[in-house]
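Q: Before I ask anything, let me first share the structure, which is written out below as structure tokens.
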Amino acid sequence: HVERAFNPSKYGEFSPEPVMEITLPSVADPALAPSGACVLSAVVQYAPYALREGWTAGKPHFLKAIMAQLETYAPRIGATVRHVELLTPADIEARYRMPGGHWHHGELQADQMLMSRPVSGWSGYDTPLEGLFLAGAGSHPGGGISGAPGLNAARRVIAMRA
């Protein structure tokens, strides 16, 4: 399913069956939603930065595909939705200053993983600029493991100072 969902993005299209990472943050913090309601957050993978039809025209179609995929696992969820905010890669780039709209600060592909994250030669968290260390989602192991790049960078600093 993941590969099939990725393929359309290579051609400026979104998947009709998108891959999503779903969280319900209001389960941990009920103050985020009114009583009897909850907040659902979906990180939808493989949305192309430059949608062939343009995001102004494509946003409603993408939202429809997202909701249809959610309905597969949570029937009638669409009828309960009170508000939706859909951020495209360009929206994420503009709002959060993340080039390309990548919340991992770059592609998580074979040439940008492990000893090559963020780029070959910089995987040890230190940089050619003395005292500058990389600790964000662009560093190994990436943004999918919350806090791990920062922990690893801190350990690197401590080891260098010891």
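Q: Pairs please, first residue from region 142-159 and in the same structural domain as SER123 (by TED's automatic domain parsing) and farther than 17 Å from SER116 by Cβ, second anywhere and surrounded by fewer than 17 Cβ atoms within 10 Å (Cβ to Cβ) and of a type outside the set (Asp, Glu), Cβ atoms under 9 Å, 6+ apart in sequence or on different chains.
A: GLY150/GLY136
Q: If ALA153 meets every condition in (1) closer than 19 Å to VAL43 by Cβ; (2) modelled with pLDDT of 90 or more; (3) in contact with a Ser or Thr (Cβ under 9 Å, 6 or more places away or on another chain) apart from one, which number is that one?
A: Among (1) closer than 19 Å to VAL43 by Cβ; (2) modelled with pLDDT of 90 or more; (3) in contact with a Ser or Thr (Cβ under 9 Å, 6 or more places away or on another chain), the lone unmet condition for ALA153 is (1).
Q: Also, quick follow-up: Count, please, the residues in region 21-73 that happen to be part of a loop (DSSP other than H, G, I, E, B), touching a Leu at 6+ places or on another chain (Cβ under 9 Å) and surrounded by 13 or more Cβ atoms within 10 Å (Cβ to Cβ).
A: Residues flagged as part of a loop (DSSP other than H, G, I, E, B), touching a Leu at 6+ places or on another chain (Cβ under 9 Å) and surrounded by 13 or more Cβ atoms within 10 Å (Cβ to Cβ) within region 21-73 amount to 3.
Q: Every residue in region 94-141 that is of a type in the set (D, E, K, R) and touching a residue at least 24 places away in the same chain (Cβ under 8 Å), please. Give the derivation first.
A: From region 94-141, those of a type in the set (D, E, K, R) are 95, 97, 107, 111, 117, 126, 130; that's our starting set.
Residues satisfying the conditions are ARG117, ASP126.
Q: Hey, can you tell me all the residues within region 74-113 that are more than 14 Å from the chain's Cα centre (by Cα), assigned to a helix (DSSP H, G or I) and small (Gly, Ala, Ser)?
A: GLY78, ALA79, ALA94, ALA110
Q: Moving to a separate point now. So, in region 118-141, exactly how many residues are buried (at least 17 other Cβ atoms within 10 Å of the Cβ), in contact with a Pro (Cβ under 9 Å, 6 or more places away or on another chain) and either within 15 Å of ARG156 (Cα to Cα) or assigned by TED's automatic domain parsing to the domain that holds PRO89 (or both)?
A: 6
The values are calculated or read from the model by the stated rules, or taken from the named source; none is laboratory data. From a predicted model like this one, the values you see are computed outputs, not experimental measurements. Note that each Cβ is placed from the backbone with ideal geometry, even for glycine, and that neighbours are counted across all protein chains shown.
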